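Notes to accompany the following structure.
Taken together, the values in this text are just the output of simple stated rules run on the coordinates, not laboratory data. Just so you know, these numbers come straight off a predicted model, no measurement behind them. Note that we place each Cβ from the backbone using ideal geometry, even for glycine, and neighbour counts take in every protein chain shown.
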Amino acid sequence: MATAAATRPRSRDVAAPTPIRARRPRVNRTFYLFLLPTLVLFTLCITLPAIMGITFSFTDSVGFGEFQFIGLTNYVALFSDPAIRSSYLFTIGFALVTVLLVNLIAFLLAVGLTAKIRGKVALRAAFVLPMVISGIVIAYVFNFLFSNSLPQLGQAVGITALEQSLLANPDLAWVTIVIVTAWQAIPSALLIYIAGILSIPAEVYEAASMDGASPLRRLISITLPLVAGYVVINLVIGFKNFLNAYDIIVGLTNGGPGTATRSVAMTIFSGFTGGDYAYQMANATIFFLIAVVLAVIQLRLNRGRSAF
């Protein structure tokens, strides 16, 4: 017994297994060589201009010549400027209305274009066409329609409200911008919704049909919950894109009548040529921070949705 006890190894004498650290796969240096040109271009064309713009926002520069640093004076003036507040109110209101309209119409179209109907492939191609046309071209075409064709139609049918151009009405000009922007933006949201609906297993709908669920009940209880992630992402991406509205507004109203439809992007750009370079650089910096916040929200939502 003593011999057996002596030869038995003690627990504290047994060496613990050494943890094996997972080694990261080595990246071929060729990949870095391919990445280098993109990194250099991004730094020269995006990063450096952004840093310079933020720096100029703390000065009294007019875009050329000498300048002095004035601290937060431009930022303080922004919050008391009625023109800046008006541009932000218009831009945010326009973005909210447009993103809701776009997603509502796109979702309903996606439901129809994924149903068992004839010619749905051709219809999908037709609805996607506005997405590939330049925004400024679309704006000029609709400018002619709102300024000439629609007033003539209003006179012919006796509708007084349409006899004058909507683009010249300060209370209704924003409606034309919403319509044209939505017309161009619906296809991209439509494609995302079609992909989301087609990813739903057909067995789910078959089981619901066997339980006696009506088409409306299947839409509310099955389709909407299962494409909720697509809805959220479409809302965030659309709202962020509509905040940058510029080309369609320029082609339709050029910010008018007066400044009724002047967006933040138009206000910033007009300052670059109007002697308010540093002042609008401060405006652009604030607008950039808003865009960063929306981008962070989008990334977090993307990370939480397996569909993306």
Original post:
Any idea what the dipole of region 117-235 comes to, in debye rounded to 20, about its Cα centre with Lys/Arg Cβ at +1 and Asp/Glu Cβ at -1?
Top reply: 240 debye
**OP:** Under a 10 Å cutoff between Cα atoms, tell me which one of 239, 42, 58 has the largest fluctuation in the Gaussian network model of the chain.
**Re:** 42
Original post:
Do you know the relative contact order of region 185-308, to the nearest whole percent, from alpha carbon pairs under 8 angstrom that are 6+ apart?
Top reply: 23 percent
Subject >> Residue-averaged [θ]222 nm for the chain, counting only DSSP H segments that reach four residues, each worth -39500 (n - 2.57) >> reply: -19500 deg cm²/dmol
Original post:
For the Cα atoms of the chain, what angle does the longest principal axis make with the long axis of helix 82-113, in degrees from 0 to 90, nearest 10?
Top reply: 70 degrees
Original post:
Using the Cα gyration tensor of region 32-116, with a ≥ b ≥ c the square roots of its eigenvalues, what is the shape: rounded (a/c below 1.5), prolate (a/b larger than b/c) or oblate (neither)?
Top reply: oblate
**OP:** Give, rounded to the nearest 20 debye, the magnitude of the charge dipole that the chain has about its Cα centre when Lys and Arg contribute +1 at Cβ and Asp and Glu contribute -1 at Cβ.
**Re:** 2000 debye
**OP:** Name the residues whose placed amide hydrogens come within less than 5 Å of the amide hydrogen of residue 59, ignoring near sequence neighbours (fewer than 5 apart) on the same chain.
**Re:** 70
Subject >> Anisotropy class of region 153-285 from Cα gyration tensor, a/c 1.5 cut >> reply: oblate
**OP:** Based on alpha-carbon positions alone, could you give the equivalent ellipsoid semi-axes of the chain from the gyration tensor, as √(5λ), descending, whole Å?
**Re:** 50, 37, 18
**OP:** Consider a paramagnetic label point 7 Å from the Cα of residue 123 along Cα→Cβ; state which residues of region 208-225 have an amide N under 18 Å from it.
**Re:** 215-216, 219
Original post:
What residue among 218, 26, 118 shows peak mean-square fluctuation when the chain is described by a Gaussian network model with Cα springs under 10 Å?
Top reply: 26
**OP:** Could you check which residue among 121, 102, 111 shows the biggest mean-square fluctuation in a GNM of the chain with a 10 Å Cα cutoff?
**Re:** 121
Original post:
Got a sec? Charge dipole of the chain, +1 on Cβ for Lys and Arg, -1 for Asp and Glu; which of 63, 37, 207 is way out at the positive end?
Top reply: 207
